[in-house]
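Heads up: the structure comes next, in structure tokens.
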Amino acid sequence: MKLTLRNAMVAAVVVILALLPLYASLTGNTFMMTLFTRIIILAIAAVSLNLIMGFGGMVSFGHAAYLGIGGYVVGILAKEGIDAGLVQWPLALLFSGLFALGVGALSLRTRGVYFIMITLAFTQVIYYVANGLDRYGGDDGLTIQKRSEFGGFINLSNRTFFYYLCLALLLAAVYLVWRMVNSRFGRVIQGARSNDRRMQAIGFPTFRYKLACFVIAGVLCGLSGVLLANHTNFISPALMHWTRSGDLIVMAVLGGMGTVFGPVLGAVALLVLEEALPHLIGFVSSIVTGKEVAAAKEYWQLILGPMLLLVVLYARGGIDGLIASARRG
Amino acid sequence: MADALLQIAGVTKRFGGVVASDNVVLDVAPGELHAIIGPNGAGKTTLIGQLTGELSPDAGRIMFEGADITDLPVYQRSALGLARSFQITSLFRDLSALDNVSLAVQAHAGHSFRFWRDARGEPELRDPARAALDRVGLGARANAFVASMSHGEHRQLELAMALATTPRMLLLDEPMAGLGPEESARMVETLRGLKRHLTILLIEHDMEAVFALADRITVLVYGRVIASGEPAAIRANAEVRQAYLGEQEVVTTAGAGHG
């Protein structure tokens, strides 16, 4: 692999993520661990969305559905006394895949804004279904008493172990997507994004490949939901609120759509900014006025919004694109 | 004609009140280069659309190698060996020439549910793709990106992609469209080289090219076949001269009559 600025940046991010638990344990900063576990889990969801949106041109505005399905399968089974991970996890991935199969089979017959609306509509449906599940907390959500059990030898309640498990799964997901987009399958998916009509004319039944891609992405995002439920020990319909789907799109766009590692950068950037901007505002306000203005901290989105606008307007390739073009300068 | 490779039997297609294909009957024999000519709006592209499966006819059947393909989807016709080029260049703009043609090879190299191996490193895709580029004279431009190629090169690449699907028959929709005289001459030479190996249905506006290449010519006017035969016979056909070749003259005469 060539030593480029981009590869160096990717390596740096991976090293920082790998060393973070060390830093956290030395400083006793458990908040950092919690935050970055969450970032890594949502990065898996962003990588999954990027597979269909960035490489396949399928702009799903309902990707949070799979976070919800993955989470609810774990939560519901736990509530019913089935806490074996070997039951929970495969079932969660299976249901995510089946939901993607159904949604994809219908929505992939449409294009553009209709596709966006249909994927959103399906997610809204299960969002309201989850709201109606009174036995499982309804709109209040449900606390998971016990994380998934994998016999004696894997303990998900160990904070550091769980962190590294999530990180390993994220890196595996990125590697998987990288292999996939360069394979024959990936060539078909990207060809269909670029010119579907021509793909059919040269003999590709593109629909089935796009559907397969949609299901793979659904399963991968379902995994993210499983991890998220285990991380927070809690599920609620908010997991699949449409703004969550929007967050995932923002991560992919911010990091660099259609690049393998971009969504990871986007997830880190967005979620770190979400945490850091209120503090930054508080800090600035304390300099300007002499004391911290707590109310001003709530307006952190006023800063994030224009930042996103600038990326969309002037840096189409996202963070990854900026790094890649920095050398060409 | 029982031994025809492609048979178009009474194909009719209407768009509202406009009859774009009016009971079209046409046979293309194996090995021949059959040209379809006709003024603008004669229904040439509509006919190609029905042959490739993007449009379905309101009436009539289309047979390829004796099998009825009227209801087959686009990709299955390609699998049977019916390849097309597009009138308006339709390429993968963000890929290199070689990647474009490799995709066409891949489409006919088994299913593509292969998730692991780097497709750009597969000789069984790259080698035939290079061969197709060589056949149309683009071998030296294999690694050029489509966006950086000239219009003439795009037309050649269109042809290379159709060839890379190892077709039995080529449907060429105005391959000379927008080409300069020099590029046109090169395209005629390329097609002349291909016609010995492949059956070709050629739709073209460039009369010089058509009469230089075609074994048989069919003339379409308002969706209807008004004549079909060898180039010499078509050139001599009075109805064709009036409806098409001498169109300008007729219009001028009519205009003068009103004046």
Write out the chymotrypsin sites (Phe, Trp or Tyr not before Pro) in the stretch A:249-309 meeting two conditions: DSSP loop, and at most 12 other Cβ atoms within 10 Å of their Cβ.
none
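Are there trypsin sites (Lys or Arg not before Pro) in the stretch A:138-172 that DSSP puts in a loop and that have at most 15 other Cβ atoms within 10 Å, and which ones? Please list the in-between numbers first.
Working: sites: A:Lys146, A:Arg147, A:Arg159; in loops: A:Lys146, A:Arg147.
Of the trypsin sites (Lys or Arg not before Pro), the ones in loops of the stretch A:138-172 whose Cβ has at most 15 other Cβ atoms within 10 Å are A:Lys146.
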Kindly provide the trypsin sites (Lys or Arg not before Pro) of the stretch B:91-139 that DSSP labels as loop, not H, G, I, E or B, and whose Cβ sees at most 15 other Cβ atoms within 10 Å.
B:Arg93, B:Arg117
Quick calc, the protein assembly as shown, dipole around Cα centre from Cβ unit charges on Lys, Arg (+) and Asp, Glu (-), nearest 20 debye, gives 1220
Over all pairs of distinct alpha carbons, what does the Kirkwood formula give as the hydrodynamic radius of the stretch A:5-252, in Å?
18.7
Rounded to the angstrom and largest first, Cα extents along the principal axes for chain B equal 70, 40, 34
Taking only Cα atoms and a 10 Å spring cutoff, compute GNM fluctuations for chain A and point out the largest among A:Gly203, A:Gly138, A:Gly191.
A:Gly203
Might you report the magnitude of the Cβ-based charge dipole of the stretch B:92-166 about its Cα centre, with Lys and Arg at +1 and Asp and Glu at -1, to the nearest 20 debye?
20
Candidates B:Gly49, B:Gly38, B:Gly17, ranked by Gaussian network fluctuation over chain B, Cα under 10 Å, top entry:
B:Gly17
With label points set 7 Å from each Cα along the Cα-to-Cβ direction at B:Ser150 and A:Arg208, the distance between them in nm comes to 4.2
If you plug each phi of the stretch A:6-15 into the Karplus form 6.51 cos²θ - 1.76 cosθ + 1.60 with θ = phi - 60°, what whole-Hz ³J(HN,Hα) values come out, in order, with x for Gly and Pro?
5, 5, 4, 5, 4, 4, 4, 4, 5, 5
For chain B, what is the calculated [θ] at 222 nm in deg cm²/dmol (nearest 500), taking -39500 (n - 2.57) for each run of four or more DSSP H residues and dividing by its residue count?
-10500 deg cm²/dmol
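Given a Förster distance of 56 Å, report the FRET efficiency between B:Asp127 and A:His279 from their Cβ-Cβ distance, rounded to the nearest 0.05.
0.45
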Among B:Leu163, B:Leu72, B:Leu51, determine the one that fluctuates most according to a GNM of chain B built with springs between C-alpha atoms less than 10 Å apart.
B:Leu72
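Summarise the long-distance tail of P(r) for the protein assembly as shown by giving the % of C-alpha pairs beyond 44 Å.
Values: 60683 of 172578 pairs.
Of all Cα-Cα distances in the protein assembly as shown, 35 percent exceed 44 Å.
If r is the Cβ-Cβ distance from A:Ile16 to A:Thr110 and R0 is 60 Å, what FRET efficiency results, to the nearest 0.05? Intermediate values should be presented prior to the final figure.
On the way: r = 41 Å, r/R0 = 0.69.
The pair A:Ile16/A:Thr110 has a calculated efficiency of 0.90.
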Give the residue from A:Ser48, A:Met9, A:Val219 lying farthest towards the positive end of the charge dipole for the protein assembly as shown; charges sit on Cβ (+1 for Lys and Arg, -1 for Asp and Glu) and the dipole is referred to the Cα centre.
A:Met9
Cα-projected label distance for A:Val87 with A:Ala326, points at 7 Å along beta-carbon direction, nm
5.0
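Is there a simple number for the mean count of other chain Cβ atoms within 10 Å of the Cβ of residues in B:75-83, and what is it?
Working: counts 10, 3, 3, 7, 3, 1, 1, 2, 3.
Averaged over the peptide's residues, the number is 4.
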Just to confirm the number: angle between the C-alpha axis of helix B:123-135 and the first principal axis of chain B, 0 to 90 degrees, nearest 10?
40
If you average the sequence gap of Cα pairs under 8 Å that are 6 or more apart and divide by the length of the stretch A:5-252, what percent do you get for the contact order?
41
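When a/c is below 1.5 the answer is rounded, else prolate if a/b is larger than b/c, else oblate, so apply that to the stretch B:92-166 with a ≥ b ≥ c taken from the square roots of the Cα gyration tensor eigenvalues.
Details: a/c = 2.00, a/b = 1.62, b/c = 1.24.
Prolate, since a/c reaches 1.5 and a/b exceeds b/c.
Every read-out reported here was derived from the displayed coordinates using simple, explicitly stated rules and does not represent laboratory data. Fair warning: this is a prediction, and the values are worked out from it, not measured in the lab. Note that each Cβ is placed from the backbone with ideal geometry, even for glycine, and that neighbours are counted across all protein chains shown.
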